[in-house]
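Some notes on the structure that comes next.
The values are calculated or read from the model by the stated rules, or taken from the named source; none is laboratory data. Values in this document were obtained by computation on a predicted structure and should not be read as measured data. FYI the Cβ positions are ideal-geometry reconstructions off the backbone, even for glycines, and counts take in every protein chain you see.
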Amino acid sequence: MLHKPKSALMFQIAVASGLSILIIILLVVVGIDTKRVADSVLDIRGEIYSQTRQSEQIAVLREEAIRAEDRQAVLEEALPKRDELFSFPNQIGSIGSQSDVGVNLTFGGEGERQIEYTLVAQGSYSNIAGFVRKLEEILFMNISSFGINQSADTYSLNLSGNVFFNGEEN
């Protein structure tokens, strides 16, 4: 049996301990780096998922835009031209006369493809109700505010809203 001197044994233990500590430090560093890389991969994966969803939504919107172009042509044909709205107060007056209702229509501000209006009508309750039913049939007329007041046997109707036009000049 060989006897090694104590100092040689201590040297081997020190080298083994140093190598063990070095391996442990390397494992800790690699573990920390692995966690950082994994977090980075998860962040990138989330971004890719978000961009993929956005791309899918853009594709759907493009398809809907193509389908909407055909429908827009139909809507443009249904809406009157801007110049045709000059006769709109007369049309409302005719509907009022047919319903036995006194009507006053005034236009307000103009927006993009729409003009605000205010309408005041007086008559009996049943005549006012019939008048409103006929107004609801006008496709390009939006009623945004509706009020009705009674004084004696007469009712007063106050409407406001927008009328839409297709924006093309005659």
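General remarks:
- Any hit, the range 136-146, residues being assigned to a helix (DSSP H, G or I) and surrounded by fewer than 18 Cβ atoms within 10 Å (Cβ to Cβ): no
- Subset of the range 133-165 (residues that are under 26 Å from residue 81 (Cβ atoms) and among the aliphatic types (A, V, I, L, M)): 135, 138, 139, 141, 143, 159, 163
- Test result for residue 142, closer than 16 Å to residue 78 by Cβ, without any contact (Cβ under 8 Å) to a residue 60 or more places away in the chain and assigned by TED's automatic domain parsing to the domain that holds residue 96: yes
- Whether a residue is touching a helix residue (DSSP H, G or I) at 6+ places or on another chain (Cβ under 8 Å) and either outside the structural domain of residue 142 (by TED's automatic domain parsing) or polar (S, T, N, Q) (or both) was assessed, and residue 98 passes this test.
- Selection from the range 87-103 of residues that are out of contact with any Gly (no Cβ under 9 Å at 6 or more places or on another chain) and within 22 Å of residue 123 (Cβ to Cβ): 88, 89, 90, 91, 92, 93, 94, 95, 97
- Among the residues of the range 92-112, the ones that are under 21 Å from residue 81 (Cβ atoms) and surrounded by 15 or more Cβ atoms within 10 Å (Cβ to Cβ) come to 4 in all.
- From 87, 97, residue being in a helix (DSSP H, G or I) and either at pLDDT below 85 or under 37 Å from the mean Cα position of the chain (by Cα) (or both): 87
- Screening residue 47 on (1) farther than 30 Å from residue 110 by Cα; (2) within 21 Å of the chain's Cα centre (by Cα) shows it passes everything except condition (2).
- Any hit, the range 64-82, residues being aliphatic (A, V, I, L, M), over 24 Å from residue 162 (Cβ atoms) and loosely packed, with under 10 Cβ neighbours inside 10 Å: yes
- Residue tally, condition touching a residue at least 12 places away in the same chain (Cβ under 8 Å) and over 23 Å from residue 166 (Cα atoms), over the range 105-139: 11
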